[in-house]
Each structure stands twice: as structure tokens, then as C-alpha cells.
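Worksheet: the structure to be examined is printed underneath.
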Amino acid sequence: MNVRTLCLGYLSLRDASGYEIKKDFEDGMFCHFMEASYGSIYPALNQLAAEGQVTVREEEQSGKPDKKVYSITPPGVSALTRELGVLPARDKYKSEFLFIMLLQHHISPAHRIAAIEKQISDLKSDLGNIDECRQESGGNPASDFVMGYGQAVLTAGVTYLEHKLADMLASHAKAAAE
């Protein structure tokens, strides 16, 4: 999936400025799909506008420059539908945490424990974000599906890590007692 398709998907839900799209790609509902920088969003929006897949209007802002607000057009909806008709690529998962755990024999047990505790905290924070997004989505079935899937994956991760952490702490306590 490319940034153009993500922008069309976003605009199929609501009109937005490039800044608003970027914020939702960083912190909002779209943050779990793909990373996109301003350097990729704005060229994609400009190309989509040139192709007639989105329209652009300027909105006046008090004390600020006018902002460009993008809207999807019927040809944009058709292009989005074609892109969504392709089976998705396999998910890519990259994790510094897992890299550290792969090479954990190079770090102290205390650092391993701290890394696991941080990962648990981060996953729980992500679960909290899902809860916030769920409240904002207003019970949209498609959003509920996506958030439910994310919640299931993150909850499984927390459960696994809490079990491993308990084992590690017990082992650490046993070694200290000997």
C-alpha cells in the first residue's frame, strides 16, 4: 500500500488538510497502518489533485495562513476501491525490543527486566489509545473490527510478556537466594 492510497482512504472518511492527515498518521487512528512523512503526504495529495482524484479548497484561518483542505472525488473513490480490491501484503513488524531480546545474553538480567517492563508499559499505553479511539469512533463496525484486532494482538503481547517477566523475576530471586 502506498501513501496515495492511504490519503484517499483518509479522505473517504472526512475532508482534511495535509497537517490533519499527518497528525492522524502519527497519533490517531491511522498510526498503525503505515508511516508517512510530510515529504510523502503533500506530494501524494498534489498528485491526486492533478489527477482529479481529490479537490482542494482554501479555508481562511484567523491569524494564520489559509489552509488547504482536501476532499475525495468520485474518481478518487473509484481509485481507492480498485486499490482496496487487491489482497494485502503480509504485515511487516519491526521491533527494537525484539532485537534486544534476541541478543539478551549480552545484557544484564536487570536490563532485560527493565526492557520487558517498558515494553509492557508501551503496549498498555497503546491499549489505552485504542480505548480512546473506540470512544471517538461512535461504534462504527469497520473501526470496531480494526481496533478489536489491535486490542487482541496487544493484549496477547502483554499477557505473554507478563508471564515471561514473572518467570524471570522468580528465577532472579532464586539465584539471589542461593
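The values are calculated or read from the model by the stated rules, or taken from the named source; none is laboratory data. For clarity, every value in this text was computed on a predicted model and none was experimentally measured. Positions of Cβ are backbone-derived with ideal geometry, glycine not excepted, and every protein chain shown enters the neighbour counts. Note: accessible area is taken over every heavy atom of the protein model, side chains too, but ligands, DNA and RNA are not part of it. Shrake-Rupley method; radii C 1.70, N 1.55, O 1.52, S 1.80 Å.
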Please enumerate the residues belonging to segment 62-77 that are out of contact with any Leu (no Cβ under 9 Å at 6 or more places or on another chain) and open to solvent by 60 Å² or more (accessible area, probe 1.4 Å). S62, G63, K64, P65, D66, P74, P75
Looking at segment 115-134 only, could you name the residues that are open to solvent by less than 60 Å² (accessible area, probe 1.4 Å) and either over 16 Å from the mean Cα position of the chain (by Cα) or of a type in the set (V, I, T) (or both)? A115, I116, Q119, I120, I130
Checking G139 against (1) open to solvent by 70 Å² or more (accessible area, probe 1.4 Å); (2) among the small types (G, A, S); (3) not in a helix (DSSP H, G or I): exactly one of these is not met. Which one? (1)
If the Cβ limit is 6 Å and pairs must be 6+ apart or interchain, which residue in segment 36-59 that is free of Cβ contacts under 8 Å to residues at least 24 places away in the same chain pairs with which residue that is open to solvent by less than 60 Å² (accessible area, probe 1.4 Å) and in a helix (DSSP H, G or I)? Y38/K22; V56/A49
Restricted to segment 55-98, and to residues that are part of a helix (DSSP H, G or I) and under 20 Å from the mean Cα position of the chain (by Cα), which residue is nearest to Y19 (Cα to Cα)? L80
Positions within segment 26-54 being of a type in the set (S, T, N, Q), in a helix (DSSP H, G or I) and modelled with pLDDT of 90 or more, in sequence order: N46, Q47
Of all residues being in a loop (DSSP other than H, G, I, E, B) and of a type outside the set (A, V, I, L, M, F, W, C) in segment 1-25, which is modelled with the highest pLDDT? Just the residue, please. D15
Between a first residue in segment 91-104 that is among the hydrophobic types (A, V, I, L, M, F, W, C) and a second residue that is assigned to a loop (DSSP other than H, G, I, E, B) and surrounded by 10 or more Cβ atoms within 10 Å (Cβ to Cβ), which pairs have beta carbons less than 9 Å apart while being 6 or more apart in sequence or on different chains? I100/I107; M101/S95
For segment 110-168, which residues satisfy the criterion of being among the basic types (K, R) and farther than 19 Å from Y10 by Cα? R112, K118, K124, K164
Unique residue being of a type in the set (K, R), over 30 Å from A50 (Cβ atoms) and surrounded by fewer than 15 Cβ atoms within 10 Å (Cβ to Cβ) when the list is R90, R112, R82: R90
With the structure loaded, tell me whether V146 is surrounded by 14 or more Cβ atoms within 10 Å (Cβ to Cβ), in contact with a strand residue (DSSP E or B) (Cβ under 7 Å, 6 or more places away or on another chain) and either among the β-branched types (V, I, T) or assigned to a strand (DSSP E or B) (or both) or whether it fails that test. no
